[in-house]
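Enquirer: I'd like to ask you about the structure that follows.
The values are calculated or read from the model by the stated rules, or taken from the named source; none is laboratory data. Since the model is a prediction, treat every value here as computed from it, not as a measurement. With ideal geometry, Cβ positions are generated from the backbone for all residues, glycine too; neighbour counts draw on all protein chains shown.
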Amino acid sequence: MTTTHSTGTREAWLAARLELLKAEKELTRRSDEVARQRQALPWVRIDKDYRFETGQGSATLAELFQGRSQLLVYHFMFGPDYAAGCPSCSSIADGFNGIFVHLANHDVTLTAVSRAPFAKLQEYQRRMGWTFPWASSYGSDFNFDFNIAFTEAQQREGEVEYNYQRGRHAMDADPAPAPVAQFAANCGTDPQTYARDRPGMSAFVLEDGVVYHTYSTYARGVDGVWGMYQWLDRAPKGRNEAGIWWKRHDEYGTR
């Protein structure tokens, strides 16, 4: 069988690879500069008393740091009315167990936060075999204040502010886009309810007893922490997608 991709000699491959290396190095340098810009953002003091339910009981935002000075929060899509966590967020969270200990030993705590009641999060966490910290913000304004949860009225009136844009977003379309409808059904809820929670991550720092918000990113901004995509971008066929192909890790058939 003849391949449909271009082929060549090792010498031709090496010449093309060296050209690509120049682009990769430039991308690395640009990524380093963007990281410096990210870290140079002004810090915003958090004075609101957010409360969370954790494995150690009720906790403040400062207590989520677990004695460290930095906190990374993954905003996991698991609304109060979901029957299970979002499959996309689940595939991202599959990488947290392995890196949590490394971050913890570099003065950084990684935790997930979701709006579902803590008992529901615990049950799902056991199913997935995860051990990283996961806090419930059920009944708190936390998710709403950080623009990853929205009210039914905001959604209906097109007043959702997500990814630094206010208006009606693709997830709010009626009828719902096929991936939204598919994931909603997979989470045991309807598309509108499913879309009232969104993915993202936020960073905080604790200094002299004061918590500051330093950074948040949403939508495609979480690609950088979605481990499987970093590998697929280096695979011969890349992401090679035609719609939703991934599942929760315990839902794949044996290959």
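Enquirer: Identify the residue in the stretch 145-164 that is outside any loop (DSSP other than H, G, I, E, B) and within 16 Å of the chain's Cα centre (by Cα) and, among all such residues, is surrounded by the most Cβ atoms within 10 Å (Cβ to Cβ).
Expert: Here the residue is Ala149.
Enquirer: When you scan the stretch 24-134 for helices (runs of 4 or more DSSP H) that lie fully inside it, which ones turn up with 3 or more residues that are of a type in the set (Gly, Ala, Ser) and modelled with pLDDT of 95 or more?
Expert: Where helices (runs of 4 or more DSSP H) fall fully within the stretch 24-134 and carry at least 3 residues being of a type in the set (Gly, Ala, Ser) and modelled with pLDDT of 95 or more, they are 87-93.
Enquirer: While we're looking at this one, here's another question. Scan the stretch 165-188 residue by residue and report those that are acidic (Asp, Glu) and either assigned to a helix (DSSP H, G or I) or at pLDDT 95 or above (or both). Don't jump to the end; show me each part of the working.
Expert: Filtering the stretch 165-188 down to residues acidic (Asp, Glu) leaves 172, 174.
Result: Asp172, single match.
Enquirer: Return the residues of the stretch 67-98 that are loosely packed, with under 15 Cβ neighbours inside 10 Å and either on the phi > 0 side of the Ramachandran plot or of a type in the set (Val, Ile, Thr) (or both); say none if nothing qualifies.
Expert: Listed by number, the list holds a single entry, Gly67.
Enquirer: Being free of Cβ contacts under 8 Å to residues at least 60 places away in the same chain, within 16 Å of the chain's Cα centre (by Cα) and assigned by TED's automatic domain parsing to the domain that holds Ala135 is the requirement here; does Ala104 meet it?
Expert: So Ala104 does not fit the description; no.
Enquirer: Among (1) within 16 Å of Leu64 (Cβ to Cβ); (2) surrounded by fewer than 16 Cβ atoms within 10 Å (Cβ to Cβ), where does Met201 come up short?
Expert: All conditions are met except number (2).
Enquirer: Closer than 25 Å to Val44 by Cα, assigned by TED's automatic domain parsing to the domain that holds Gly85 and among the polar types (S, T, N, Q) - does that describe any residue in the stretch 193-202?
Expert: Scanning the stretch 193-202 turns up at least one residue that is closer than 25 Å to Val44 by Cα, assigned by TED's automatic domain parsing to the domain that holds Gly85 and among the polar types (S, T, N, Q).
Residue-by-condition table, conditions (1) within 30 Å of Pro133 (Cβ to Cβ); (2) over 22 Å from the mean Cα position of the chain (by Cα); (3) exposed (fewer than 10 other Cβ atoms within 10 Å of the Cβ):
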{"position": "Ala16", "(1), (2), (3)": "no, yes, no"}
{"position": "Glu26", "(1), (2), (3)": "no, yes, no"}
{"position": "Ala35", "(1), (2), (3)": "yes, no, no"}
{"position": "Arg38", "(1), (2), (3)": "yes, no, no"}
{"position": "Asp47", "(1), (2), (3)": "yes, yes, yes"}
